[in-house]
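The values are calculated or read from the model by the stated rules, or taken from the named source; none is laboratory data. Please read all numbers here as calculations on a predicted model, not as lab measurements. Neighbour counts run over all protein chains shown; Cβ positions are idealised from the backbone, glycine included. All accessible areas refer to the heavy atoms of the entire protein, side chains included, with ligands and DNA or RNA removed. Shrake-Rupley method; radii C 1.70, N 1.55, O 1.52, S 1.80 Å.
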Amino acid sequence: MKVALFVTCVNDTLFPQTGRATVGLLERLGLEVDFPLEQTCCGQVHANAGYGDQAIPLIKRFIRAFDDPSYDAIVCPSASCAAMVHEQYPRLAAKSGDAGLQTAVEAISPKVWELSKFITERLGLTDVGAYYPHRVTYHPTFHSLRSEHVDDSPLDLLRGSGGEEKVLKN
C-alpha cells in the first residue's frame, strides 16, 4: 500500500520529529510512504479566524500536492488538520463557486485519515511493535472526538504497547 504523509505545517515547523517518527512507523508496518514536497499549511488557521477566502489557495495547493492516483491513503498525525480537509474544505470549495475545486475536494477527502484511526481501522492493527513501559495519560482532542470520530484508536494503540493498566484516560 502506498500512502502520502500529510505532516501539517505545525509539525513540520515545530516538531519535525513527528513526521520522521510517522514515516518510520508506517514503513515498519510495510507501507510505502511518500512525502509530497509541495504541501504547506492546510489553511485551518485562516478558516478558523474567519478568513476562509484566504484558505482557498491553500486548498488548491493541497489538491495539487496530494492528487496522485497511486496514493491509497493520505495519512495525517493531526486530527484537526484531517478535520479541516473533511469539514471545512467542502464548505469553502462550495463557497468559492469553483465547481472543479468542489469535485477535487470531494474526490480527495475520503483518502485522508488521522494516523491512529488509519492504523486501527484501515490496517486493522492495535499492536504496531511498540513498547513503552511507563504510565501515560491520554487526553482526547476536540477534533479527534467530534470531527474525526477517532474514538479509542489511540487508546487501543497504547494498550497494544505493553499493558492497559498503565493507560489512563483523561
Residue 95 accessible area, 1.4 Å probe, all protein chains in place, Å² to nearest 10: 140
Could you work out how far the C-alpha centroid of region 111-145 sits from that of region 1-75, in angstrom? 18
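State, as an integer percentage, the relative contact order of the chain based on alpha-carbon contacts under 8 Å between residues 6 or more apart.
Working: 241 pairs, mean separation 34.9, N = 170.
In percent, rounded to a whole number, it is 21.
Counting only protein chains, not ligands or nucleic acids, how are 13, 40 ordered by accessible area (probe 1.4 Å), most first? Walk me through the numbers on the way to the answer.
Numbers: 13 100, 40 60 Å².
Accessible-area ranking of 13, 40, largest first: 13, 40.
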Given (i) 33, 26, 14; (ii) 46, 15, 12; (iii) 29, 17, 14 as candidate values of semi-axes √(5λ) of the Cα gyration tensor in Å, which corresponds to the one derived from the coordinates? (iii)
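List the chymotrypsin sites (Phe, Trp or Tyr not before Pro) within region 48-107 that fall in a DSSP loop (any state other than H, G, I, E or B) and whose Cβ has at most 12 other Cβ atoms within 10 Å.
Working: sites: 51, 62, 66, 71; in loops: 51, 71.
The qualifying sites are 51.
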By the Cα gyration tensor axes a ≥ b ≥ c (a/c under 1.5 gives rounded; else a/b larger than b/c gives prolate, otherwise oblate), the shape of region 79-150 is prolate
Return a single number: how many Lys pairs in the chain, at a sequence separation of 8 or more or on separate chains, have alpha-carbon atoms below 30 angstrom apart. 11
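Can you tell me the dipole magnitude for the chain around its Cα centre, using point charges on the Cβ only (Lys, Arg +1; Asp, Glu -1), in Debye to the nearest 20? Could you put the intermediate results ahead of the total?
Working: 16 positive and 21 negative charges, 64 e Å.
Using Cβ point charges on Lys, Arg, Asp and Glu, the chain gives about 300 debye.
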Gyration tensor on Cα atoms of region 1-74, a ≥ b ≥ c root eigenvalues, a/c under 1.5 rounded, else prolate if a/b beats b/c, else oblate, says oblate
